[in-house]
Every structure is written in C-alpha cells, then in structure tokens.
There are 2 protein chains.
Amino acid sequence: MTDLHNIPLNERYFEDYREGEVLECGPVIVEREEVMAFARRYDPQAFHVDPAAATQSVFGGLIASGWHTAALTMRLLVDNYISHVASLSSPGVDELRWLAPVRPGDALSVRARVVEARASRSKPDRGVLRTQIEVLNQENTVVMSLLATNLIACRPEPNKP
Amino acid sequence: MTDLHNIPLNERYFEDYREGEVLECGPVIVEREEVMAFARRYDPQAFHVDPAAATQSVFGGLIASGWHTAALTMRLLVDNYISHVASLSSPGVDELRWLAPVRPGDALSVRARVVEARASRSKPDRGVLRTQIEVLNQENTVVMSLLATNLIACRPEPNKP
C-alpha cells in the first residue's frame, strides 16, 4: 500500500484514502494586507479591518476572519489532499471551530486525518470521505478544526468494457 | 418589544435577540469575476475557476466555491444581523451544508432564525446566541444552511456605579 502523499493529486481516487491515514501540509503565511482585504469584502467587523480599533478589542490586535482561515485551509487541502481528478463535491462540514486567534504573520499548517472512508450506498462509482482537519499555527496551537465530508470517485476499472 | 430589524446595528445587545425571531436580508449578486477570483486564491478546483472544464463537470457550468458562498453570507450577516457593538466572537459553526449549486448571476438572500439565546453560565456580561441560517437563491431554493454560534455582550446597565 502506498501512502496518500506519494500518490500524485491527479492519480488519487477514493480507494487511496484509507481510514487512519494522516496527511500534513503547509505552511501558508497569513498576510496582513490580505486579512484586511478579505474582511473588508466579507467580514468587515472592526477587529478584522481596523488595526486601531482591534487594539481595543478583546483580541488586542488585528485577527483574521474565521472564514478567511477556512479559505486558506481549503487552499492547502486543494493543493495537497483533495484529488484533482476524483473530487465530485462536498455535502458540507461539521463542527467547524475557531479555537484561537489567527494573526497577521502567523504560519498555518494543516493536519488531515481520514476518519471514515465508506462506499456510497446509492452510487457504486464513488465513496464518502470524512476527514478530521486541524489547523495549527507556528506555535503548534490548534487555531481551527472541522470535520469535512467529500464525495470521491472510485478508480475506473481499466479493462471495463 | 421591538423587532430586531428595528434596532440599529450599533444599539443591538444580547437581550435583543429573542428565540424564534426571524430576520431576512439580501440579496447579494454572485459575480462571475468574483467567483473565479475567490477560487483562484482559495479553492482552485476546475469547476470553480475554469468555465470550459466546468461545462464538462457534473455541475454543467461554473459554480461558486462553498467557502465563497459562506463568505458572502457572512457579509450579509455583518451588514444586517450581527451587532456592531456587542459581537464578542464566534466559537464556531455546526451543520454547514452546501445543498445546491451557486452560479454566477444568482441573487442570494439570508434567512436567520434565533434558535437559542441563553445567558452565559460562566460570564454574566454576555450570552450565547445560536442562529439557524438558510441561504436562498432567486428561485427560493435553499443553497446553503448552517447553525452559527455567537457570543454577544449584554446591554450595559446605564446607572451602574
């Protein structure tokens, strides 16, 4: 059996995601300008867009929108975890938790653990993948976690008529 | 008692969010260029960034990243629902579901329903707000739903010594 990280993203299929497997990736640097630009468009609360006001908030300084952290996490997953040929869709996410502030300059890494990989009951050409995702900063503090569900296509049978 | 939408965003406190109350807001238009720009940075899967490839996908055309839909939803909530003076933080979100494709040109509205508003057990100056959020497109199809948790400060007592 080959570890997931040794299988190129354009050759990964449902069968390659095995329960218990862990893939780590990153880091991505949280850029100050991007924190403010993202928040101005999508989450313009003072502690995300206004450095002076953020200093007076409970966070003591500018922090990234939780949705920005989620988006940066998704990018790491697309670049390192999710198949580029077999990802069909995601029905959703459970237990999304923002556990600690994310600040400009932080370096975020992702630890993805396959907690369930089961064949679809209704469609035999795909499987349901459940992944526990933890996002860690440079001090190894878990800043965000979530449980993701993805539908992943099975490997095509080469000699199928 | 005053309905939530009649209380300005900079005068809303925990006491103003009452169980069963519903606030509707929007729409926001999903812009094609923004769909692709968001996805190029955060979710560069073919059906989000490549119109030609998207036509061959199960979705039959370009769709927005689910995280983009979540971000647009957050903007509607910040502009219409979440207090601008009493929002302390969000511990997280449960049951985030992407139920139907979101396409360029769609007009998304939000329906937010207060499902729980309880005083904090540990900190008497705040409450825990749980909100069921549905995102609807112009055909009234629910495209996304989630259960949000927010910590909201109580109204300061004016004559407190």
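Does any residue of the range A:34-55 turn out to be more than 11 Å from chain B (Cβ to nearest Cβ), assigned to a helix (DSSP H, G or I), at pLDDT 95 or above and within 23 Å of the chain's Cα centre (by Cα)?
Yes, the range A:34-55 contains at least one residue that is more than 11 Å from chain B (Cβ to nearest Cβ), assigned to a helix (DSSP H, G or I), at pLDDT 95 or above and within 23 Å of the chain's Cα centre (by Cα).
Kindly indicate whether any position in the range B:118-134 is in a strand (DSSP E or B), within 11 Å of chain A (Cβ to nearest Cβ) and farther than 30 Å from B:Val58 by Cα.
Step one: list which residues in the range B:118-134 are in a strand (DSSP E or B), which gives B:118-119, B:126-134.
Those left that are additionally within 11 Å of chain A (Cβ to nearest Cβ): B:126.
So of that shortlist, the ones also farther than 30 Å from B:Val58 by Cα come out as B:126.
Yes, the range B:118-134 contains at least one residue that is in a strand (DSSP E or B), within 11 Å of chain A (Cβ to nearest Cβ) and farther than 30 Å from B:Val58 by Cα.
Just for the range B:58-77: of the residues that are more than 14 Å from B:Val35 (Cβ to Cβ) and not in a helix (DSSP H, G or I), which one is modelled with the highest pLDDT?
In the first step, residues of the range B:58-77 are kept if they are more than 14 Å from B:Val35 (Cβ to Cβ); the result is B:58, B:60, B:73-77.
Add one more test, that the residue is not in a helix (DSSP H, G or I), and what stays is B:58, B:60.
Values: B:Val58: 86, B:Gly60: 93.
Checking each candidate, the answer is B:Gly60.
Kindly list the number of the only condition in (1) touching a residue at least 40 places away in the same chain (Cβ under 8 Å); (2) under 22 Å from B:Glu95 (Cα atoms) that fails for A:Asp79.
(2)
Given the conditions (1) touching a residue at least 60 places away in the same chain (Cβ under 8 Å); (2) in contact with a helix residue (DSSP H, G or I) (Cβ under 8 Å, 6 or more places away or on another chain); (3) surrounded by 15 or more Cβ atoms within 10 Å (Cβ to Cβ), and given that A:Arg18 satisfies all but one, which numbered condition is not satisfied?
Condition (3) is where A:Arg18 drops out.
Results for (1) in contact with a helix residue (DSSP H, G or I) (Cβ under 8 Å, 6 or more places away or on another chain); (2) within 7 Å of chain B (Cβ to nearest Cβ); (3) touching a residue at least 40 places away in the same chain (Cβ under 8 Å), shown as yes or no for each residue.
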position	(1), (2), (3)
A:Phe59	yes, no, yes
A:Leu62	yes, no, yes
A:His68	yes, no, no
A:Met74	yes, yes, no
A:Ser87	no, yes, yes
A:Arg97	no, yes, yes
A:Ala100	no, no, yes
A:Pro104	yes, no, yes
A:Ala107	no, no, yes
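The values are calculated or read from the model by the stated rules, or taken from the named source; none is laboratory data. Being a predicted model, the structure only gives us computed values, none of them experimental. Neighbour counts are summed over all protein chains in view; Cβ atoms, including those assigned to glycine, are modelled from backbone coordinates with ideal geometry.
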